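Take a look at the structure below.
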Amino acid sequence: MRSFLIDALLKGKATIAPPAAGTAALEEVARALGERARQRLGRSLSIREIDAGSCNGCELEINALNNPVYDIERFGLKFVASPRHADVLLVTGPVTWNMREALLRTYNAAPEPKWVVALGDCAANCGVFAGSPAVVGPLADVLPVDLHVPGCPPAPLEIVKGLLALIEARAPGP
């Protein structure tokens with residue numbers, strides 16, 4: 001135990017520097033998304049995140065959107081606790097049998113018009129979970145998907161770019 005303590009003291013801080021290059025690009029895209037949402041919806045874009053059975057890699061990137069580095073809420077994008085307040089259902093992971101019914105109930109509780117986003121490779125094609133008996137299948141087998149954001153996991157900038165492309169290109173709903 002003593003050797004671990006000495007080793008930690010000699011190595012110094014265990015923190016990393018904040019992201020540099022993508023931060024300015026993310027701010028620009030997030031600002032554009034916030035403005036476009038206000039033009040199209042007349043208010044901020046409300047997002048409900050749903051983990052349908054993922055490994056939590058995508059959730060880490062989604063949570064990064066709300067941390068002090070990215071802070072997308074300052075651009076009018078907000079995550080909501082209830083699907084009844086959501087414009088976008090942001091779904092991660094393959095749909096597992098345990099989450100299928102909850103996912104359907106969440107979808108049905110969200111008001112029309114609504115968008116469904118499959119975030120990450122697992123939501124699109126089950127990724128490493130393909131063939132598992134615990135998995136129903138990809139999100140598109142259960143719900144109508146309006147957008148797929150690829151990546152394992154997709155970076156925060158890619159998530160915001162995907163949401164911007166969605167709100168600019170498509171009317172909500174099936």
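The values are calculated or read from the model by the stated rules, or taken from the named source; none is laboratory data. In this text, all values refer to a predicted model and were calculated from it rather than measured experimentally. Quick reminder, even Gly has a Cβ in these numbers, built from the backbone with ideal geometry, and neighbours come from all protein chains shown. Just the protein is used for accessible areas: all its heavy atoms, side chains included, with ligands, DNA and RNA removed. Shrake-Rupley method; radii C 1.70, N 1.55, O 1.52, S 1.80 Å.
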Please count how many residues of region 138-174 are surrounded by 15 or more Cβ atoms within 10 Å (Cβ to Cβ) and under 17 Å from Arg100 (Cα atoms).
6
Which one of these does Arg38 not meet: (1) crowded, with 19+ Cβ neighbours inside 10 Å; (2) over 24 Å from Val135 (Cβ atoms)?
(1)
Conditions (1) β-branched (Val, Ile, Thr); (2) touching an Asp or Glu at 6+ places or on another chain (Cβ under 8 Å); (3) open to solvent by 50 Å² or more (accessible area, probe 1.4 Å) -> Val128 fails only (2)
Looking only at region 46-64, count how many residues are under 12 Å from Leu90 (Cα atoms) and not in a helix (DSSP H, G or I).
7
